[in-house]
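To start, the structure itself, in structure tokens.
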Amino acid sequence: MTKKFVIGHKNPDTDSVVSAIVFSKYLKNGSIPAIAGELNRETRFVLDFLKGKKPKILKKAPVNSQFYLVDHGGLEQSIPGINSEDILGVVDHHQMFGLTTVEPLFYRTEVLGSTSTLLAKMFKEKGRKIDKKSAGLLLSGIISDTLNFTSKTTTTEDKKIAKELVIISGINIKELAQKMFDAKSDISGMSIREIVLSDYKEYKHLGKKIGIGVFETVSTTPFKEKDEKILKVLGDIKKESKADFVFFGLIDILKKETFFYLLSDKEDGICKKAFGVSGKNVVVLKGITSRKKQLVPYIFKSI
């Protein structure tokens, strides 16, 4: 018997996890929400706060399985073992990366701040009500991906949908955002490797393999004097993954800037072309807080 799963990208963030949960409800076809790795601390807080059930972890595609992808649309960001013929549909808000299918499939993508916003729109279009818990989950996904509407990815629709979800869920959005960001920023007990890989994505562009990790925080103070350790971990990841370029951005949510770690002269050269700044090991990118809209496009153009 073939099982159907709804799953987000590797190193799952809040938007990918809540999208998998809510899209499985939208489908009404017995599909099972799943995640492609352990929950980060922000997402764990969200599920605990809303009394949501942790989805099943899949490290590889089970035999006789089909998938709906949420919050990503490329196989390089999916769990191992998924083939294009196994994909039943995609709901996403990112750039499109190399998905080729033999048969037509459902593919919904829009320029929005989060996949959660898109899912809420899909419910509205069908005239279907969103239950209170799902509204809270989707609201959390929007807050997370738009950094509470401060990210450059934020759209008017994100804000409009969020207001509607606040009414349904009864949640104080300011208080929820603060608690989420406090949980997101907590690095106690985490290794540098865990921090770097907590939101790390791999891309392929013009025959090059690029890894870009980010970590969002309300305070960069705990990272003082950790530059060498971060660079060491980046070097290990680059060697293990056989990547051509590896980057890491420590994003200060409140100051709206990114400390961008450059492993070698190769990464520094790309950074100089992309952002007009150069430096040894770490540079500060003022006003940059979005990997999707502000890092990836310019890095790709520079390559």
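Values computed for the structure shown
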read-out: Solvent-free Debye scattering, log10 I(q)/I(0), computed from the Cα coordinates of the range 67-222 at q = 0.08, 0.09, 0.11 Å⁻¹; value: -0.28, -0.35, -0.53
read-out: Radius ratio Rg over Rh of the range 32-74, counting only Cα atoms, Kirkwood formula for Rh; value: 1.00
read-out: Selected from His94, His205, His72 as most flexible by GNM, with the chain as the system and alpha-carbon contacts under 10 Å; value: His205
read-out: Modelled FRET efficiency - R0 41 Å, Lys133 with Leu206, Cβ distances, 0.05 increments; value: 0.40
read-out: Helix 227-241 vs. the chain, principal-axis angle (Cα, 0 to 90°, nearest 10); value: 60
read-out: DSSP-assigned coil residues among trypsin sites (Lys or Arg not before Pro) in the range 50-87, each with at most 13 further Cβ atoms within 10 Å; value: Lys51, Lys53, Lys59, Lys60
read-out: Globularity ratio of the range 217-303, using Cα Rg and 2.2 N^0.38 Å; value: 1.04
read-out: Relative packing of peptides 137-150, 287-300 - highest average C-beta neighbours within 10 Å first; value: 137-150, 287-300
read-out: Centre separation in Å (Cα based) which lies between the range 102-156 and the range 1-19; value: 14
read-out: Residue-count net charge about His94 - beta-carbon cut-off 9 Å; Lys, Arg +1, Asp, Glu -1; value: -1
read-out: Listed pairs Lys208/Lys301; Lys3/Lys25; Lys121/Lys286; Lys209/Lys273; Lys25/Lys124 exceeding 23 Å between Cα atoms; value: Lys121/Lys286
read-out: Surface accessible to a 1.4 Å probe, per residue, for the residues of the range 59-174, Å²; value: 47
read-out: Semi-axes of the equivalent ellipsoid for the chain, Cα gyration tensor, largest first, Å; value: 30, 23, 17
read-out: Protection proxy ranking, peptides 64-70, 27-33, 13-19, average beta carbon neighbours within 10 Å, highest first; value: 13-19, 64-70, 27-33
read-out: Of Gly189, Gly37, Gly74, the one that fluctuates the most in a GNM where the chain has Cα springs shorter than 10 Å; value: Gly189
read-out: Semi-axis lengths (Å, descending) of the ellipsoid that matches the C-alpha gyration tensor of the range 192-257; value: 23, 14, 8
read-out: Per residue Cα convex hull volume in Å³ - calculated over the range 12-143; value: 108
read-out: Accessible-area ranking of Thr2, Thr43, largest first, probe 1.4 Å; value: Thr2, Thr43
read-out: Debye log10 I(q)/I(0) for the range 152-303, one point scatterer per Cα, at q = 0.12, 0.14, 0.21 Å⁻¹; value: -0.55, -0.73, -1.37
read-out: Equivalent ellipsoid semi-axes, the range 61-136, via Cα gyration tensor eigenvalues times 5, rooted, Å; value: 24, 14, 12
read-out: Carbon plus sulfur fraction of accessible area for the range 33-86, probe 1.4 Å, in percent; value: 51
read-out: Highest average packing first - 226-237, 271-282, Cβ atoms within 10 Å; value: 226-237, 271-282
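The values are calculated or read from the model by the stated rules, or taken from the named source; none is laboratory data. What you are looking at is a predicted structure, and each value in this text was computed from that prediction instead of being measured. Reconstructed Cβ throughout: ideal geometry from the backbone, glycine too, with neighbour counts over all protein chains shown. Just the protein is used for accessible areas: all its heavy atoms, side chains included, with ligands, DNA and RNA removed. Shrake-Rupley method; radii C 1.70, N 1.55, O 1.52, S 1.80 Å.
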